[in-house]
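K.L.:
The following block contains the structure, expressed as C-alpha cells.
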Amino acid sequence: MPSQAESSSPEALVALLETDDVRVQRRAGDALVSHGLAAIPFLAEALVHGSPTVRKAVAFLLGRVSGAAESPRALSALGHAVTDDPEPKVRKNAAVSLGKIAAPAAAEPLASALSRETITWVRPSIALALGSVGGETAHASLLEAIARDDAEHEAIRKALDRVAPKRRAVTWRRDMPWRHDLVLTVPAGLEAVALAEAAELGFHALTLLGPGQLWCPQEVPPWDVLPAMRCVSALHIRAGVTGRLGMDEPQDLAAAVGALLASSPQLRELRDWLQVEGETIRYRFSFANARLRREDLAVVLWAVRAVCRPMGLVDSPSNYDLALVVSLGPKGTELLIGPSFTGDERFAYRRAAVGASIDPVLAACLARLVRTKTGRGVFDPTCGSGALLIERARLGAAAGLQGLDISPTAIRAARENIGAAGLSGLVRVQRGDAADRDRWPECDEVIANLPFGVRTRRPEADLDGLYRAVVGGIAARICSGGRAVLYTSNRKSLNAALARHTDRLRVLDRLKTRSGGLDTHIWILTPQDKP
Ligand SMILES: C[S@@+](CC[C@H](N)C(=O)[O-])C[C@H]1O[C@@H](n2cnc3c(N)ncnc32)[C@H](O)[C@@H]1O
C-alpha cells in the first residue's frame with residue numbers, strides 16, 4: 001500500500017514540508033521528487049513561501065528533480081533564491097542545487113551571488129557550484145573572488161581547478177644539460193629485471209637504491225629513460241633531503257616541509273630544466289608513507305603554498321604539471337618531483353581490460369623473465385586481455401605467440417589490444433580451456449598469469465584442477481631448453497601442481513613481488529635435462 005505521502009498531489013506534499021518532523025518532511029520530499037518535472041511549478045512557487053523551513057527544503061529538492069536543467073522555471077526560482085532570499089540556509093541550498101543541475105544559465109545568478117554574499121559558510125557552496133557549472137562567467141567570477149577563510153579558499157581552488165582551461169604548457173628543457181638525479185620506481189623484488197633492461201638499453205649507470213627503487217645519476221635525462229624502459233612504473237626527480245620529520249605537531253611539520261621545499265635547488269631553478277609557457281606551473285602536494293589528519297594536512301598545505309607561490313608554482317591538485325612528494329623513510333625524508341606533463345604512451349595499446357588484468361609494467365618484467373634465445377613458440381594458456389603476450393612480442397625473437405582463454409570477453413579484449421599494438425600478424429588468441437591438452441602447442445616459452453581465486457572463491461571454479469592442467473601442459477609441451485614463468489598469489493595450488501611433475505620440471509628461480517595489495521609469486525621453470 002502506498003503511504004499517504006506517495007499517493008498525495010504535489011500541492012499537498014509541499015504543504016507537508018512545513019513540519020518539524022524530519023521523517024515526514026523527508027518522505028514528502030522523496031514523493032515530490034518522484035513526480036519529476038510535474039512537481040517543478042509547485043516547488044518553484046513554494047520557493048517564495050513565507051516559511052523558511054519550506055523554502056530551505058524546496059531549494060534542496062529542486063536540485064534532485066531529474067530534468068530540472070531543462071526547466072527555465074526551476075533555474076529562475078533557484079537563481080532568485082541564491083541571490084535574494086533573506087535566509088542564508090536557503091541561499092546555500094539553492095547554490096548546491098544549481099551546482100547539481102549545472103546548467104550554463106546558472107552561472108550568472110551564482111556569480112552575482114558570490115559577489116554579494118557575506119556569510120562565510122554560504123560562500124564555499126556558491127564557489128563550488130560555479131566550479132560545476134563552468135564556462136567563462138564562472139571562471140571570471142572565481143578569479144575575482146577573495147577568500148575569507150580556509151574553507152572558502154579550498155572551495156575556490158577546487159572550483160578553479162575544474163573550470164580552468166586544461167593546458168599542456170610545460171615540457172622538458174632539452175637545450176640544457178640534464179643535471180639532476182632520478183629515482184625510478186620498479187616492481188619490488190624485480191629490481192634486477194629492470195636493471196637488466198636498463199643495461200640492454202644502454203643506461204649502464206643505473207644502480208639499485210632500495211626495494212622497488214633504482215637510482216639514475218645526473219647524466220641520464222628523464223626524457224630518454226621513461227619512454228624506453230617498460231619495467232619502470234614511475235620516475236621522480238630527487239629534489240632535497242632532510243632528517244626524520246616529527247608528525248605530532250602540525251605547525252612544526254609544516255615549517256620543516258616548507259624549509260625542505262624552500263632549500264631545494266631543483267624547485268628554485270625550475271626554469272633551468274623546464275620550458276614553461278606562461279607565468280605558472282601547477283603542482284599537487286602529497287606525502288608518501290605517511291597518513292595525516294585532514295586538519296593537519298591543511299596546515300602543511302598552507303605552508304607549502306606560501307613557499308611555492310613566489311616560485312610561480314600554484315596549487316592545482318586535480319590538474320597539475322608536477323607532483324611534489326615528501327617521502328618519509330626510517331632514515332630520513334626526501335623531496336621528490338614527479339613530472340605529470342609528460343604523458344605515458346608506453347602501454348597505449350591497452351584499450352580493453354578483464355577483471356584481473358595484470359599491471360603492464362609487471363607484464364613487461366615477466367616477459368623478460370620468460371625470454372629464451374630461440375623463442376620458437378610462446379604460449380599463454382590464460383591470456384586474459386593479452387598483456388603478457390604483447391609485452392613478450394615487443395621484446396622480439398619470438399616466432400609465433402599464441403593465447404588461450406576460457407572467457408569470450410577476455411578474447412575480445414585481447415584481440416582489440418593486440419590490434420592496437422599492431423601485433424595481429426604475430427600474436428593469435430583463441431577461446432578455449434587450458435585443461436584441454438589438445439589446445440597446447442609445442443613451445444619454447446609458457447607465460448601465464450593464473451587466476452588467483454581471491455575474488456571468485458566459488459566451488460565450481462576448480463583452481464587446483466586448472467593449476468594441475470597448466471603445469472601438466474607445460475611438462476608435456478615445453479621443449480628442451482625452454483622456460484615457463486607462472487605468476488600467481490596462490491602458492492598452495494601451484495606447489496601442489498608442481499609436486500606432481502618434479503621428474504619433468506625444475507624450478508630455476510622463485511621471486512616475490514606485490515600487486516593490488518597482495519603478495520604475489522613468480523615461478524621460473526625449465527624442463528629437467530633428460531638423463
Ligand atoms: C588473472 S587473469 C589473466 C589476466 C591477464 N594476464 C591480463 O592482463 O589480462 C586469468 C585469466 O584466466 C582465465 N581462465 C580461467 N580459467 C581458465 C581455463 N580453464 N582455461 C583458460 N583460461 C582460463 C580467465 O578467464 C582470466 O582471463
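The values are calculated or read from the model by the stated rules, or taken from the named source; none is laboratory data. Note that the structure is a prediction, hence the values are computed from the model and not measured. Note that each Cβ is placed from the backbone with ideal geometry, even for glycine, and that neighbours are counted across all protein chains shown. Accessible surface is based on the protein model in full, side chains and every heavy atom, while ligands, DNA and RNA are left aside. Shrake-Rupley method; radii C 1.70, N 1.55, O 1.52, S 1.80 Å.
K.L.:
Mind counting the residues in the range 150-161 that are touching a helix residue (DSSP H, G or I) at 6+ places or on another chain (Cβ under 6 Å) and either open to solvent by less than 20 Å² (accessible area, probe 1.4 Å) or closer than 15 Å to residue 119 by Cα (or both)?
P.N.:
The number of residues fulfilling the criteria is 5.
K.L.:
Which residues, taken from the range 502-528, are in a strand (DSSP E or B) and modelled with pLDDT under 95?
P.N.:
Let us first name the residues in the range 502-528 that are in a strand (DSSP E or B), namely 505-515, 518-527.
The answer is 514, 515, 518, 519.
K.L.:
Does at least one position in the range 49-63 carry a residue that is within 15 Å of residue 97 (Cα to Cα), of a type outside the set (Asp, Glu), open to solvent by 10 Å² or more (accessible area, probe 1.4 Å) and not in a helix (DSSP H, G or I)?
P.N.:
Yes; the residues of the range 49-63 include at least one that is within 15 Å of residue 97 (Cα to Cα), of a type outside the set (Asp, Glu), open to solvent by 10 Å² or more (accessible area, probe 1.4 Å) and not in a helix (DSSP H, G or I).
K.L.:
Mind checking whether some residue in the range 507-523 is in contact with a strand residue (DSSP E or B) (Cβ under 9 Å, 6 or more places away or on another chain), open to solvent by 10 Å² or more (accessible area, probe 1.4 Å) and closer than 19 Å to residue 440 by Cβ?
P.N.:
The answer is no, given that none of the residues of the range 507-523 is in contact with a strand residue (DSSP E or B) (Cβ under 9 Å, 6 or more places away or on another chain), open to solvent by 10 Å² or more (accessible area, probe 1.4 Å) and closer than 19 Å to residue 440 by Cβ.
K.L.:
Looking for something within 18 Å of residue 514 (Cα to Cα), in a helix (DSSP H, G or I) and either open to solvent by less than 40 Å² (accessible area, probe 1.4 Å) or of a type in the set (Phe, Trp, Tyr) (or both) - is there at least one such residue anywhere in the range 225-247?
P.N.:
No - not one qualifying residue is present in the range 225-247.
This table checks each residue for (1) within 16 Å of the ligand (Cβ to nearest atom); (2) open to solvent by less than 60 Å² (accessible area, probe 1.4 Å); (3) modelled with pLDDT of 95 or more.
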{"site": "427", "(1), (2), (3)": "yes, yes, yes"}
{"site": "453", "(1), (2), (3)": "yes, yes, no"}
{"site": "460", "(1), (2), (3)": "yes, no, no"}
{"site": "469", "(1), (2), (3)": "yes, yes, yes"}
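K.L.:
Still on this structure, please answer the following. Considering only the range 443-451, I want to know if a residue exists there that is in a helix (DSSP H, G or I), within 12 Å of the ligand (Cβ to nearest atom), modelled with pLDDT under 95 and at negative phi.
P.N.:
If we filter the range 443-451 for residues that are in a helix (DSSP H, G or I), which is where we start, we get none.
Taking every residue of the range 443-451 in turn, none turns out to be in a helix (DSSP H, G or I), within 12 Å of the ligand (Cβ to nearest atom), modelled with pLDDT under 95 and at negative phi.
K.L.:
So, residue 79, is that one at pLDDT below 90 and either assigned to a helix (DSSP H, G or I) or among the small types (Gly, Ala, Ser) (or both) or not? Give the steps one after another, and end with the answer.
P.N.:
Details: at pLDDT below 90: no; either assigned to a helix (DSSP H, G or I) or among the small types (Gly, Ala, Ser) (or both): yes.
No; evaluated as a whole, the condition is false for this residue.
K.L.:
Another one. If we keep just the residues of the range 71-105 that are polar (S, T, N, Q) and farther than 17 Å from residue 36 by Cβ, which is most open to solvent (accessible area, probe 1.4 Å)?
P.N.:
Ranking the candidates gives 76 first.
K.L.:
For the range 485-531, what are the residues that are within 15 Å of the ligand (Cβ to nearest atom), in contact (Cβ under 8 Å) with a residue 60 or more places away in the chain and closer than 19 Å to residue 469 by Cα?
P.N.:
Scanning the range 485-531 gives 485, 487, 522.
K.L.:
Which of the residues that make up the range 338-374 are assigned to a helix (DSSP H, G or I) and either near the ligand (Cβ under 7 Å from one of its atoms) or under 12 Å from residue 483 (Cα atoms) (or both)?
P.N.:
Residues of the range 338-374 assigned to a helix (DSSP H, G or I): 360-370.
Scanning the range 338-374 gives 363, 366, 367, 368, 369, 370.
K.L.:
Name the one entry in 129, 147 that is in the same structural domain as residue 16 (by TED's automatic domain parsing), surrounded by 16 or more Cβ atoms within 10 Å (Cβ to Cβ), touching a Leu at 6+ places or on another chain (Cβ under 9 Å) and not charged (D, E, K, R). Step through it out loud before you land on a result.
P.N.:
Numbers: 147 fails: touching a Leu at 6+ places or on another chain (Cβ under 9 Å).
After ruling out the rest, the residue left standing is 129.
K.L.:
Can you find a residue in the range 15-25 that is hydroxyl-bearing (Ser, Thr, Tyr), surrounded by fewer than 20 Cβ atoms within 10 Å (Cβ to Cβ) and over 22 Å from residue 89 (Cα atoms)? Before the answer, list the steps.
P.N.:
Here is the first cut: in the range 15-25, the residues hydroxyl-bearing (Ser, Thr, Tyr) are 19.
Next, only the ones that are surrounded by fewer than 20 Cβ atoms within 10 Å (Cβ to Cβ) stay: 19.
Add one more test, that the residue is over 22 Å from residue 89 (Cα atoms), and what stays is none.
Looking for residues that are hydroxyl-bearing (Ser, Thr, Tyr), surrounded by fewer than 20 Cβ atoms within 10 Å (Cβ to Cβ) and over 22 Å from residue 89 (Cα atoms), one finds none in the range 15-25, hence no.
K.L.:
All but one of (1) within 13 Å of the ligand (Cβ to nearest atom); (2) open to solvent by less than 70 Å² (accessible area, probe 1.4 Å) hold for residue 412; state the number of the condition that does not hold.
P.N.:
Here residue 412 clears every test but (2).
K.L.:
Name the one entry in 377, 386, 396 that is near the ligand (Cβ under 9 Å from one of its atoms) and either closer than 22 Å to residue 479 by Cα or buried (at least 22 other Cβ atoms within 10 Å of the Cβ) (or both).
P.N.:
Sole residue among the options that is near the ligand (Cβ under 9 Å from one of its atoms) and either closer than 22 Å to residue 479 by Cα or buried (at least 22 other Cβ atoms within 10 Å of the Cβ) (or both): 386.
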